[in-house]
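Following: one structure in structure tokens, then a few remarks.
The values are calculated or read from the model by the stated rules, or taken from the named source; none is laboratory data. What you are looking at is a predicted structure, and each value in this text was computed from that prediction instead of being measured. Don't worry about glycine lacking a Cβ; one is built from the backbone with ideal geometry, like all the others, and counts go over all protein chains shown. Heads up: the accessible areas ignore ligands, DNA and RNA and are worked out on the full protein's heavy atoms, side chains in. Shrake-Rupley method; radii C 1.70, N 1.55, O 1.52, S 1.80 Å.
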Amino acid sequence: MSPVLPPEPASASFRDPSGFMFREGGVWLRQVNERYRADYELLFSSGLYAELVAAKRLIAHEELPPREGAWKVLRPEQIGTVSYPYEWSFSQLKDAALVTLEIQAAALAKGMSLKDATAYNIQFVGGRPVLIDTLSFERLEEGRPWVAYRQFCQHFLAPLALMAKTDIRLSQLSRVHIDGVPLDLAVALLPWTTRLNFGLGLHLHAHAASQKKHGGGSDTPAALPAKSAAFSKTAFLATIDSLQSAVKGLDWQPAGTEWADYYERNNNYGDSGLQEKERAVGAMLDALAPKSVWDLGANTGRMSRLAAARGANVVAWDIDPACVEANWRQVVRAGETNVLPLLQDLTNPSGGIGWAGEERMSVAARGPVDVVMALGLIHHLAISNNVPLDRIAAFFASLGRAVILEFVPKEDSQVAKLLATREDIFPTYNRAGFEAAAARYFDVEAAVDIPGTCRTLYRLRTRKPA
Amino acid sequence: MAPFAFVLSRASAAISRSPRTLVVLLAVLFSPHAHAYLDPGTGSYILQLAAAGILASMFTIRMYWTKVKDWFRSFGKAKPEIAEKAAAEKSATGNNDTPRGPGESQAG
């Protein structure tokens, strides 16, 4: 009899000895180790699991039959495209922060506490931020400060403050600092006036100063007290409450940025042109009937919603933080469950990062999806960024089993604008050139001219690699 | 609130200069280890301990203040209900003097 091989943990699942994620037959499962038994049982006996799942704050799971080597195996609710904090808009990160604190407050009320507070434990499921790490809870030890306080400040409060008070683009610091923005860096970048803000003064500035004082050397006490009478349960609740106020006090308004008012001021589509485009895209979506769609260059998600209305789970990627923000607010306002706006620079997409470059997946590693939509996008990649058409075709083919692509020719006023101040070094940037490039990777199933414009919409089926 | 952050950082500095102050001030219970798989960071721990007292006091005061406000609000709410009842009775008796809700009285 051959020995039963233990499952291979997922590349991001190795820090917590309580258990790990693994993939089996295309399904994500979670192993729970014996050492987590007491906390797992408390999660249920306290009623915390039921409360958080009912409130859609914690991912639901079912227990699978026991297996050798594992105390328990869980089958969590499966989620769509995984996303990371450096791909979230301001309000998405803020909502994820508030959900984390809400969960912590609920846990405290039930005699438990979050033992970590990483932004990577939150995923957007059904239009809401949800905690996906069922093993994050531990029994509350009265008198012990929050073990995840530093992590919460680095993963949430510091980047939110930087985005709101310094520059929205600083969300990208999370891409470099995988365990959150170091607080000394955050306070160096924040305006001096943030010291006058009680929450930011305490949780970022004083926190950074305390870290500096006790960061090692002779100043550090040899034995840190694990518990203190000073840290009562009220003090714990007050700390969480203070963090909540600090997060709620931060705001960012998406005004005057690149694309946010695109549809309003765009002169290539009048109302009727836009309707024609929607009709053509809708017909192609009907033909493809996708379950999963990535809309690249989605703007505020108008076209993404054509796919969502047809029942697909859609990720609406865009380079502009204002568009992603506006799109997320729309999701929240309308209670939409199958549109996920995310920030992405397609000329430098999220790569694999973290340990061995595998902890957080690249965009491509999270695909392929049923349909990639690339509408009003190709000229930005080919002309603004000088990417040859065959490379664009190859990239799209790696992301989707089919592609709906709008070709925007040089006659279009948007392209004319891009070429106005530079030499035209793109002799093959035309329909024939595009079709030749696409032919290497796709079968062209349909090509439709959009009435009232000089643009063409293509329905492309990705050819399987020979 | 800048002085507050300043006081806090001074306090934690004082604690660090003399670990005994920490023991006395915070009535510390020593334990061999905290069962954390994360390194919480010494500075982050000490800051939470240093801020615990003031945050807890502010929190408690606010909770009581909310209760007091709610108590007063419950008074305020009772009155319009009475007014509405009276108005309903008025209209039921065929009086044409159109009653206004409490929120409308200032509306131009």
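Probe 1.4 Å, all protein chains in place: accessible area of B:Y64 in Å², nearest 10?
140
What FRET efficiency would be calculated for the residue pair A:K248, A:S272, taking the C-beta separation as r and a Förster radius of 35 Å, to the nearest 0.05?
FRET efficiency, A:K248 to A:S272: 0.20.
Just the accessible area for A:C153, please: 1.4 Å probe, Å², rounded to the nearest 10?
In the full protein context, A:C153 sits at about 0 Å².
Would you please give the residues with an amide H less than 5 Å from that of A:N313, counting only those at least 5 places away or on a separate chain, with H modeled from the backbone geometry?
Long-range HN contacts for A:N313: A:S292, A:V293.
On a 1.4 Å probe surface of the protein chains, which of A:R67, A:R57 comes out largest in accessible area, and what is the full order?
Descending accessible area places them as A:R67, A:R57.
So how do A:W71, B:W65, A:W28, A:W355 rank on accessible area, 1.4 Å probe, biggest first, that is with the largest at the start?
Result of the area sort, largest leading: A:W355, B:W65, A:W28, A:W71.
Quick test of the membrane-span-like rule: which DSSP H helices of chain A reach at least 24 Å along their long axis (C-alpha atoms) with mean Kyte hydropathy at least 0.0?
Membrane-span-like by this criterion, though nothing is claimed about a membrane: A:90-109.
Of all GluC sites (Glu not before Pro) in segment A:387-465, which ones are in loop regions per DSSP and have a Cβ with at most 10 other Cβ atoms within 10 Å?
Here the GluC sites (Glu not before Pro) that fit, given the DSSP loop and packing criteria, are A:E423.
In the full protein assembly as shown, how much of A:S245 is accessible to a 1.4 Å probe, in Å² to the nearest 10?
70
Amide H neighbours of A:R144 under 5 Å, counting only residues 5+ apart in sequence or on other chains, H built in-plane at 1.01 Å?
Those qualifying (amide H under 5 Å, at least 5 residues apart or on another chain) are A:S228.
With a 1.4 Å probe and all protein chains kept in place, how do A:R440, A:R144 rank by accessible area, largest first?
Largest accessible area first, the residues go A:R440, A:R144.
Under a 5 Å amide H to amide H cut-off, with H placed in plane at 1.01 Å, what residues pair with A:L342 once short-range neighbours are removed?
Long-range HN contacts for A:L342: A:A316, A:W317, A:D318.
Go ahead and estimate [θ] at 222 nm for chain A from helices alone: -39,500 (n - 2.57) per DSSP H run with n ≥ 4, summed, over the residue count, rounded to 500. Numbers along the way, then the final one.
Details: 16 runs with 151 residues, N = 466.
The per-residue figure over chain A is -9500 deg cm²/dmol.
Going down the table (A:K94/A:K115; A:K56/A:K212; A:K94/A:K212; A:K72/A:K110; A:K277/A:K410), which pairs top 29 Å between alpha carbons? Present the calculation step by step, with values, prior to reporting the outcome.
Working: A:K94/A:K115 20 Å; A:K56/A:K212 39 Å; A:K94/A:K212 27 Å; A:K72/A:K110 23 Å; A:K277/A:K410 19 Å.
Check vs 29 Å cut-off fails for A:K56/A:K212.
Using r as the Cβ-Cβ distance of B:I61 and A:T421, and R0 as 41 Å, what FRET efficiency do you calculate, to the nearest 0.05?
In this case the efficiency is close to 0.10.
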